[in-house]
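The values are calculated or read from the model by the stated rules, or taken from the named source; none is laboratory data. In this text, all values refer to a predicted model and were calculated from it rather than measured experimentally. Here the Cβ positions follow ideal geometry from the backbone for every residue, glycine too, while neighbour counts run over all protein chains shown.
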Amino acid sequence: MKEELSTREIQEVSLEILKNITDVCEKLNLRYALIYGTLIGAVRHHGYIPWDDDVDIMMPRPDYNQLLDYLSDHKLPNLTVFNRNTHPEYPYMITRISDDRYILEMDNEKSVGMGIFIDIYPYDGLGKTKDEAVKYGLKGDRLSSLCYQATRKHFAMETTVSPIRKVLKFPVFLISKIIGKNFFQNKLDKLAGMKEYDDSEFVGCVIWLSWGEKDIFKREWFDETIMMPFENYSFRVPKHYDEVLRHEYGDYMILPPEKDRIGHHFYRAYKK
């Protein structure tokens with residue numbers, strides 16, 4: 001009988017994927033930084049948030065594309081690249097790097113053979129003004145939300161808390177399923193890279209801008225990085241990490257209520 005991995009065991013596998021990928025970034029002089037919950041973990045816990053079950057890094061779009069080109073020509077031991085180009089059934093627009101020695105059972109998503117993974121978010125330019133960035137970014141927010149619903153096996157409220165979104169979610173789910181993920185992914189592909197990262201004052205992951213304005217950042221916050229301890233390694237974080245985290249989370253040093261100390265993914269992991 002197969003034994004489900006614990007959160008800590010998943011973290012340990014993800015950490016080694018992160019080390020392998022960032023070693024490539026350092027070798028090729030590619031820009032990257034820890035982001036989202038992984039960045040909070042680095043600053044607040046000097047490692048993982050204890051209940052977190054994934055790893056997130058950001059890369060400017062030009063560097064992200066260079067990394068994918070490198071990985072298409074250089075297969076890293078036990079690692080596979082998952083995105084819509086490598087696996088047409090893959091449901092997301094961001095890239096995940098997966099460890100082949102493991103397999104996931106997803107609660108509400110068709111399996112595409114992915115194992116324990118890390119997320120790589122390509123950051124695009126969003127514009128020179130905040131208004132321009134918000135208008136452009138929210139197009140991506142809407143499309144990525146529809147794409148996500150189109151790839152769910154069944155309707156689920158999941159993390160939705162807004163009363164209006166709760167009312168709208170089921171009709172949106174039905175419409176998205178009818179239209180299908182490829183329509184939304186094609187739209188997002190056209191949206192990505194429309195504005196140059198290095199020419200923009202504001203940046204963000206336009207293909208997965210799920211927190212709206214909180215996911216729109218000043219580019220200058222990422223222009224410089226510093227090394228910060230994370231578990232038994234050190235990785236790059238934005239030099240202005242405090243501005244990044246306060247913009248998105250407020251006082252990120254305060255622990256959430258105990259009931260909210262849970263992972264964000266709905267899967268179980270097993271060793272093959």
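Go through the stretch 147-161 and give me each residue that's under 29 Å from Arg219 (Cβ atoms) and over 17 Å from the mean Cα position of the chain (by Cα). Of everything in the stretch 147-161, nothing turns out to be under 29 Å from Arg219 (Cβ atoms) and over 17 Å from the mean Cα position of the chain (by Cα).
Of the candidates Tyr92, Tyr102, Tyr123, the single residue that is over 28 Å from Pro62 (Cβ atoms) and of a type in the set (Phe, Trp, Tyr) is Tyr102. Of all the residues in the stretch 111-133, those that are in a helix (DSSP H, G or I) and in contact with a helix residue (DSSP H, G or I) (Cβ under 6 Å, 6 or more places away or on another chain) number 0. For the stretch 161-179, indicate whether the set of residues that are small (Gly, Ala, Ser) and free of Cβ contacts under 8 Å to residues at least 24 places away in the same chain is non-empty. Among the residues of the stretch 161-179, at least one is small (Gly, Ala, Ser) and free of Cβ contacts under 8 Å to residues at least 24 places away in the same chain, which makes the answer yes.
Quickly run through the stretch 142-194 and pick out the residues that are outside any helix (DSSP H, G or I) and either under 18 Å from Val206 (Cβ atoms) or polar (S, T, N, Q) (or both).
Thr151, Thr159, Thr160, Ser162, Ala192, Gly193, Met194
Looking at Ser234, is it assigned to a strand (DSSP E or B) and either touching a Lys or Arg at 6+ places or on another chain (Cβ under 7 Å) or surrounded by fewer than 20 Cβ atoms within 10 Å (Cβ to Cβ) (or both)? Here the answer is yes, as Ser234 does meet what is asked. Of the residues making up the stretch 242-250, none is in a strand (DSSP E or B) and under 26 Å from Ser144 (Cα atoms). Restricting the first member to the stretch 114-141 and to residues that are over 19 Å from Thr38 (Cβ atoms), and the second to residues that are among the polar types (S, T, N, Q), the beta-carbon pairs closer than 7 Å and six or more apart or on different chains are Gly125/Ser200; Leu126/Ser200; Gly127/Ser200; Lys128/Ser200; Asp141/Ser210.
Suppose we filter the stretch 79-108 for residues that are touching a strand residue (DSSP E or B) at 6+ places or on another chain (Cβ under 7 Å) and either modelled with pLDDT under 95 or farther than 22 Å from Tyr32 by Cα (or both); how many remain? Of the residues in that region, 11 qualify. Quick check on the stretch 3-12. Is at least one of its residues in contact with a Leu (Cβ under 9 Å, 6 or more places away or on another chain), within 20 Å of Phe230 (Cβ to Cβ) and crowded, with 20+ Cβ neighbours inside 10 Å? No, because not a single residue in the stretch 3-12 is in contact with a Leu (Cβ under 9 Å, 6 or more places away or on another chain), within 20 Å of Phe230 (Cβ to Cβ) and crowded, with 20+ Cβ neighbours inside 10 Å. A single member of Ile254, Ile262, Ile207, Ile226 is assigned to a strand (DSSP E or B) and β-branched (Val, Ile, Thr), and it is Ile226. One residue stands out in the stretch 207-241 among those that are among the acidic types (Asp, Glu) and touching a residue at least 40 places away in the same chain (Cβ under 8 Å): the one that is nearest to Tyr92 (Cα to Cα), namely Asp215. Checked against (1) in contact with a Cys (Cβ under 9 Å, 6 or more places away or on another chain); (2) of a type outside the set (A, V, I, L, M, F, W, C); (3) farther than 26 Å from Ala269 by Cβ, Gln185 passes all but condition (3). Residues in the stretch 210-243 that are farther than 15 Å from Lys130 by Cα and modelled with pLDDT under 95: Ser210, Trp211.
Do we find that Lys27 is farther than 26 Å from Leu143 by Cβ and either free of Cβ contacts under 8 Å to residues at least 60 places away in the same chain or under 14 Å from the mean Cα position of the chain (by Cα) (or both) in this structure? Yes, satisfied. Return a yes/no flag: does the stretch 187-201 have any residue that is of a type in the set (Phe, Trp, Tyr) and within 17 Å of Asp141 (Cβ to Cβ). No, the stretch 187-201 has no match at all.
So that you can scan it fast, the table gives a plain yes or no per residue for (1) at pLDDT below 95; (2) exposed (fewer than 13 other Cβ atoms within 10 Å of the Cβ); (3) out of contact with any Leu (no Cβ under 6 Å at 6 or more places or on another chain):
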{"residue": "Thr159", "(1), (2), (3)": "yes, yes, yes"}
{"residue": "Ile164", "(1), (2), (3)": "yes, yes, yes"}
{"residue": "Val167", "(1), (2), (3)": "yes, yes, yes"}
{"residue": "Val172", "(1), (2), (3)": "yes, no, yes"}
{"residue": "Leu188", "(1), (2), (3)": "no, no, no"}
{"residue": "Asp198", "(1), (2), (3)": "no, yes, yes"}
{"residue": "Glu201", "(1), (2), (3)": "no, no, yes"}
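Is it the case that Arg61 is in contact (Cβ under 8 Å) with a residue 24 or more places away in the chain, of a type in the set (D, E, K, R) and over 23 Å from Asp242 (Cβ atoms)?
yes
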